[in-house]
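Peer 1: Let me begin by handing over the structure; questions about it come next.
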Amino acid sequence: MSDDRTIRLCCLLWAVEGEAAGLHGYEDAVLPLVAEHRGAVTSRVLGGGADGTPHEVQIIEFADREAMDAFLGDPRRTVLAPERDRVVARTELFPVRLPGADGGAA
């Protein structure tokens, strides 16, 4: 999945104090929905959250903006918003590209 419309995002997640397992559980529940919306989780790694580092880092791709919006609006995801609010303290989300794509390194 890679053309001019592809959206590739890096997502950094920090858990509420003592809720790292809850954060991972929430992500376990919602990330499978990505594939149903013309997307893919291309990388998912877990961290310890030590010294301010994230508890989880993901690279997610969507075919286009419409696919991403469909995932974000999926009722199976939105119904879990209270759980997300309970376990996720902070999220940073930003676009990324593969090295060599668009004429240079990311």
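Peer 1: Give me the residue from the stretch 4-34 that is free of Cβ contacts under 8 Å to residues at least 40 places away in the same chain and in a loop (DSSP other than H, G, I, E, B) and, out of that set, surrounded by the fewest Cβ atoms within 10 Å (Cβ to Cβ). Before you say what the answer is, go through the steps one by one.
Peer 2: Residues of the stretch 4-34 that are free of Cβ contacts under 8 Å to residues at least 40 places away in the same chain, as a first pass: 4, 18, 20-21, 24, 27-28, 31-32, 34.
Filter again for in a loop (DSSP other than H, G, I, E, B), leaving 4, 18, 31.
On the way: ASP4: 6, GLY18: 8, LEU31: 17.
Here the answer is ASP4.
Peer 1: Ok, one more. If you take the residues of the stretch 46-59 that are more than 18 Å from ARG84 (Cα to Cα) and among the aliphatic types (A, V, I, L, M), which of them is surrounded by the most Cβ atoms within 10 Å (Cβ to Cβ)?
Peer 2: ILE59
Peer 1: Out of curiosity, is ASP85 exposed (fewer than 12 other Cβ atoms within 10 Å of the Cβ) and assigned to a helix (DSSP H, G or I)?
Peer 2: Working: exposed (fewer than 12 other Cβ atoms within 10 Å of the Cβ): yes; assigned to a helix (DSSP H, G or I): yes.
Answer is yes for this residue.
Peer 1: Can you tell me which of (1) open to solvent by 60 Å² or more (accessible area, probe 1.4 Å); (2) in a loop (DSSP other than H, G, I, E, B) is the one HIS37 doesn't meet?
Peer 2: (1)
The values are calculated or read from the model by the stated rules, or taken from the named source; none is laboratory data. If you're wondering where the values come from, they're calculated on a predicted model, not measured in any experiment. When we count neighbours, we look across all protein chains shown, and the Cβ atoms used for this are built from the backbone with ideal geometry, even at glycine. Note: areas computed on protein heavy atoms with side chains; ligands, DNA, RNA excluded. Shrake-Rupley method; radii C 1.70, N 1.55, O 1.52, S 1.80 Å.
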